[in-house]
Every structure is written in C-alpha cells, then in structure tokens.
Amino acid sequence: MAEKDDYLLDLLVDLGFTTPDVVAKAREEANAAGVGVVDLLVANKVIRPGDVTQAKAAQFGAEVVHLSTLKIEDDVIAMVPRDIARKYRVIPVFKTEGKVAVAIADPSDLNTIDSLTHLLHSEIELRVASDQDIEAALSKYYGGEKKAMAMDSGVFKDVIQELTLSNVEVKADDGAEEEGDAPLIRLVNQIIVDAFKMRASDIHLEPLEKRFRLRYRIDGMLQEMKSPPKRLQAPVIARLKIQAGMVISEHRVPQDGRIQSKVGNKLIDLRVSCLPTNHGESIVMRILDKEGLRLGLPELGFLTDDQQTFERIIGLPDGILLVTGPTGSGKTTTLYSCLNFINRPDRKIITVEDPVEYVLSGINQVQVHDAVGFSFATALRAILRQAPNIVMIGEIRDIETGSIAINASLTGHLVFSTLHTNDAPGAVTRLVDIGVKPFLVASSTRCLMAQRLVRKICKKCIAPYQPTEAEMRSLGLTMDDVKNANIQKGRGCENCNGSGHRGRMGIFEIFVVEDEGRKLIYDQVPTNVLRQRAREMGMRTLREDGIRKVLAGMTTPEEVIRATVGDES
C-alpha cells in the first residue's frame, strides 16, 4: 500500500493538486495514525476524490469518465454479467469491434484487467472512474444487493459469517441437527435451494488446491457461483455424504447415493456422486423433480411437420422406436414426453429404468437393482408377463436386453428405448454390433431418432440479429436465405442472468424406417450409405433441423454450430 501511495502522491504533486510540503506533513500524521497518506489527504479535504481519480488515470494514460452523466446502453451492460461486474467492480462503458471499454477505480490492478480479458473473451480498453461512481453505477445498472444472484443472498452470507471451524461439528451416526450443526445445515440447504430456483440440473462442489469451487449447470452450461470458504470443504462434504447415505469415513473409493429435499411445496430428488480427487472429494448432485415432467411434444422443440410424423409413429400398435444421442442430450425427457402423450386408461404402460428419475401418474415404473440380480433383462422378461401394450426400456446395453426388446416389439408391443450413438442411422450398426440379427432390426424398427439440445433465446431480451460471415459459412446459409428470415439473439437481461438464453429445446434427426429402409438394413449396407439414402428419402440432419429453428428465431446460429460439430450440412 505504501508503494501505491508513493506513486500516487508524486502524481498528485506533479499535477498541481498538492505540494511536497503538504505531503511531507501528511506523511508524518498518517504514520502516527496508521492510515494511508492519500486517505488522510482526502479525509482532511486537502485533495478531492476526483483529484485522486485524475491522477490514477494520468499514470496510465487513460481517460476519466463520470458514470453518473453517461447513458450506457442495455446491450453494453449485458456484455459484463452481474457477478463479474460486482466481483471485479467494473462497469462496461461502450463497445467497439472486438473491444469493450470498462470503467475501473484502480487501473494499476493488473490481475483484475487480466481476469476480465479472459472472462469476457475480448480486448479491454481502460477508463477510470471514482469508487463512488462505480458503486452507484453497479446499483443503477445491475440492481441492489437484494436483486443480486441467489448465491449472494443474505441467508448465504449469514451462514458463512456464522460458520467457523470451532462451531462446526458433523455427527456421523444419523446427521441429527444439534445446535452447532445448524449453520452448516442451513448452508448446505441454501446451496440446494438456490440451485433449484436458478433451474440448475446439476450442482458441482469441487475441491481445488486453494478454494472450494461451487458451480451450477444451467441450460446445459456450467456457471460458477459464490463459493463456500475452503475451510468448510470437509464439513460440507461430510454433511452431504450423511444425507446421501454414504459411508462418511470412506475417502478412497467413489460412492453414490440419493437425497430427498423439499423446496417450498415441491419434493425434489438429488442423485449424488462422490469421487476422490487430488484435493479432496468432489460431489456432483443431479437434481430430479420427483413430481414429474409435464412436457408436451411442441415444448420439446418439434416443428409442426416433425411433430405430425412423430405422433404417427408413437401411435403405432407395435414396433420399436429408438432415441439416440450422447449423455445429456435429453433422450429420457423425450421418452417421458412420448409416454405422457400416449398415456390413456385403455393402455397399460410399463417402464424399466435405472434409476426411475421422474414419477409419471398412471404408469407402472420398475427400478432395476443389479445388486440383487434384478437386471434390465430380468425385469423385461417379468414385465412381458404383465401383458403391457407399451414398454419403455431406459437403455439397450447388451445383446440380452436388445434381443428381448426386439422380440417384444415383434409380438405386439410398442417399445421405446435409447442408445448411445451419434446419429439416427448409426443405431442400426450399434444394434448389429451388440449381436442383434440384422433381419430382426429391419423387421422391428419403426423409427430411429437422434437428438441434441440447444439453448432457447430469452423472451425478455430477444432482438434481431445479423449472423456473422463465419456463422453463415458454417451453416451453409446465403444472404438470400437470411433476407426474409427471423434470426434473433438475446441481449442478456436479469431474467436470463445476462446469458441471452433461457431454457432448452431439441433439434432432431428423424429416420422413419419404411420398406426401402428395411431392405437396406437387411442387406447390411454401411452406415454412410444408409445415411445418404435416408437423406434422399427425406430425413433432415441435426444441423438442417437446427438451421430451420435459427431461421424461425427459436435459437441462435452459435448454439446450432456448437451442438452439431461434425454433422454434415
């Protein structure tokens, strides 16, 4: 601090705001009082706060801005999310091609400037403003503390202040709440409640070398939150392990468990995974709304023509429908929505799942228990004796499950299931690879559908958008294609936490297997040939479906490109 004061004092003298004699006298008083010389000069009104701001700006050749007199546009404010603006105490002032100008109180803080360059993925132009100006602008443009992000809530701060190592005591027997436990329990509960309110699908608690990082996955993207202090790492993890029914004394092997929690009137279920890492145990919690999904087919992201095709397929009396895609692409949600759509009193529906993630009214849901020998194959054999009309299998993992599912579809049952493949035609190769006979695949399969999830544009801050040349090239679009299109992008607002996105929807590749497709599968043609013929028969690729939704203003070019990397256009 002394070095920083020295350079500031020299500047203040050089700029004529004070004299060397005044500085020398103030230095003696400041040393005796144990305060900074500059602070003392300001407190005694020898110099003004504005003089200090002017001196800081002069040192770095930066311009001074008076934020109170500026009108900053919403799209400029949206460039710096609220949590970053508050953490680094910066205000975006304007933007130019590839640059963003930000106002900062201390231009000598190189760590903050480096961090901003990295976080904003942009070159930074410095402007200097007073502390008071920046504080007022933070309240004006980003809202007061009561409007700040949930993790900055008063409850969370109170808990952090209350907790010290001396008053945290975790009981390994039953996790009962004692007087010393209460603040820790409130902290853990607050983390879960805030995640649910922010629509997070996962909570990640990650021990790093010098901090205990907390991140939420919101709309498929990880967002870093205000982290608990590092000293609370062990107690927080121990508390969660107790709640999840894990062995609290075991730190060497991975463990899994479940937690039930009530948020308001809603009962939610958390699937908990604990993994030993270099700096402690990492906890990931998947949030499952136990009251179930209420998604219809339009909410999944189907456009009218695809929805009509899909409704026809899931209304068939028999056959198998496979939904494919990587983990986290929304396959299970799609299957649940199909079951909701066809769930009627005259149909018996049974599901076999591991685990049962959502409770659906009027449907018989069976939980697999491998530990007692109750596998997918065992469960399938049993439920076929229950005379169901429709069967849903969480995933086809092996030849035994695949064969039973195929046979069930050939004996008058409509079967839904999932596979891990990248595209729709690839599901055929996958089934043959695990040992299912090609003629069985050809005769039983009704539809193969691949899907990915893209983020929807926030309705509160949606605005027209002109795609860049690179985006148009990636999507294979021309100026004629976009001339009359409704291409949109979110500016970023409080509703979407500055991201421009809120919620997700699917993009789909639907391969309806009819006579020609069955012959190709029976002849075991290579996947690339099957894919090409499927496209000639009318199948749209994932990217082509995504492009339709970009042109309709439902998602952004960036999202479709990200979700369909490697997909043929």
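The values are calculated or read from the model by the stated rules, or taken from the named source; none is laboratory data. This structure is a prediction, so every number in the text was calculated from the model and none was measured. In this analysis, Cβ positions are derived from the backbone assuming ideal geometry, glycine residues included, and neighbour counts consider all displayed protein chains. What goes into the accessible areas is simple: the full protein's heavy atoms, side chains included, and nothing from ligands, DNA or RNA. Shrake-Rupley method; radii C 1.70, N 1.55, O 1.52, S 1.80 Å.
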query = Each residue of the range 520-537 in order: what ³J(HN,Hα) in whole Hz does its phi give by Karplus 6.51 cos²θ - 1.76 cosθ + 1.60, θ = phi - 60°, with x for Gly and Pro?
reply = 5, 5, 4, 7, 6, 5, x, 4, 5, 5, 4, 5, 4, 5, 4, 5, 5, 7
key: For the range 189-283: span of alpha carbons on each principal axis (Å, largest first)   = 36, 27, 22
query = Between E209 and S108, what length in nm is gained on full extension when 0.36 nm per residue of separation is reduced by their alpha carbon distance?
reply = 33.6 nm
query = Taking the Cα-to-Cβ direction at R48 and at H369 and moving 7 Å from each Cα, how far apart do the two end points lie in nm?
reply = 7.8
inquiry  = Give me, ordered by chain and number, the residues 5 or more places off S282 or on other chains with an amide H under 5 Å from its own placed amide H.
reply    = L275, T277
task = Quick one, can you get me the convex hull of the C-alpha atoms of the range 284-382 expressed as volume per residue in Å³?
result = 139
query = Using a simple charge model, +1 on the beta-carbon of Lys and Arg, -1 on the beta-carbon of Asp and Glu, nothing else, what dipole does the range 247-289 show about its Cα centre, in debye to the nearest 20?
reply = 140
query = Angle, helix 182-197 long axis vs. longest principal axis of the chain, Cα atoms, 0 to 90°, nearest 10?
reply = 60
request  = Over all directions, average the projected area of the Cα convex hull of the range 14-156 and note it in nm².
outcome  = 10.6
message = I need the per residue convex hull volume for the range 300-342, using only the alpha carbons, in cubic angstrom as a whole number.
response = 76
inquiry  = Rg over Rh of the range 373-485, using C-alpha atoms and the Kirkwood radius, what does it come to?
reply    = 1.20
message = Not counting ligands, DNA or RNA, and with a 1.4 Å probe, what is D346's accessible surface area in Å² rounded to the nearest 10?
response = 110
key: In Hz, Karplus ³J(HN,Hα) per residue of the range 539-556 (6.51, -1.76, 1.60; θ = phi - 60°; x = Gly, Pro)   = 6, 8, 6, 4, 5, 5, 5, x, 4, 4, 6, 5, 5, 8, x, 8, 8, 10
ask   = Rounded to the nearest 20 Debye, what is the dipole magnitude of the chain about its Cα centre when Lys and Arg each give +1 and Asp and Glu each give -1 at the C-beta?
value = 1620
inquiry  = Step by step: find N for the range 515-561, compute 2.2 N^0.38 Å, then divide the Cα radius of gyration by it. What's the final number?
reply    = 1.51
task = Leaving ligands, DNA and RNA out of it, rank L335, L520 by accessible area with a 1.4 Å probe, largest first.
result = L520, L335
key: Mean residue ellipticity (222 nm) of the chain, computed from DSSP H runs ≥ 4 via -39,500 (n - 2.57), nearest 500   = -11500 deg cm²/dmol
inquiry  = Suppose accessible area is computed on protein heavy atoms with a 1.4 Å probe; arrange E514, E395 from highest to lowest.
reply    = E514, E395
task = Could you tell me the accessible area of Y141 in Å² (1.4 Å probe, neighbours in place), rounded to the nearest ten?
result = 50
remark   = Spelling it out for T421: with amide H atoms placed in the peptide plane at 1.01 Å from N, the residues 5 or more places away or on another chain with amide H under 5 Å from its amide H are G325
key: Gain on full stretching of the segment that runs from R252 to V525 - 0.36 nm per residue minus C-alpha separation   = 93.5 nm
note = With all protein chains present, the chain has a carbon and sulfur share of its accessible area (1.4 Å probe) in percent of 50
query = How long are the semi-axes of the ellipsoid equivalent to the range 417-476, from square roots of 5 times the Cα gyration tensor eigenvalues, in whole Å, largest first?
reply = 38, 15, 9
query = Across all directions of projection, what mean area in square nanometres is found for the Cα convex hull of the range 42-83?
reply = 4.7
Rel. contact order, % - alpha carbon contacts under 8 angstrom, at least six apart, the range 91-140 = 41
ask   = Long-range amide H contacts for F94: which residues qualify at under 5 Å (H placed 1.01 Å from N, peptide plane, sequence gap of 5 or more or a different chain)?
value = A101
remark   = Here the relative contact order (percent) of the chain, from C-alpha pairs under 8 Å and at least 6 apart, is 9
note = For the range 227-238, in residue order, the Karplus 3J(HN,Hα) values (coefficients 6.51, -1.76, 1.60; θ = phi - 60°; whole Hz; Gly and Pro = x) are 8, x, x, 4, 5, 9, 4, 4, x, 5, 5, 4
note = In the chain the cysteines whose Cβ sits 4.7 Å or more from every other Cys Cβ are C274, C338, C447
request  = Compute, for T332, the solvent-accessible surface of its heavy atoms (probe 1.4 Å) with the complete set of protein chains present, and express it in square angstrom to the nearest 10.
outcome  = 50
inquiry  = Can you compute the FRET efficiency between E516 and N495 using 1/(1 + (r/R0)^6), with r the Cβ-Cβ distance and R0 = 41 Å? Round to the nearest 0.05.
reply    = 0.30
key: Convex hull volume per residue in cubic angstrom - Cα atoms of the range 444-488   = 150
inquiry  = Once you keep just the Cα pairs under 8 angstrom separated by 6 or more residues, what percentage relative contact order results for the range 381-449?
reply    = 32
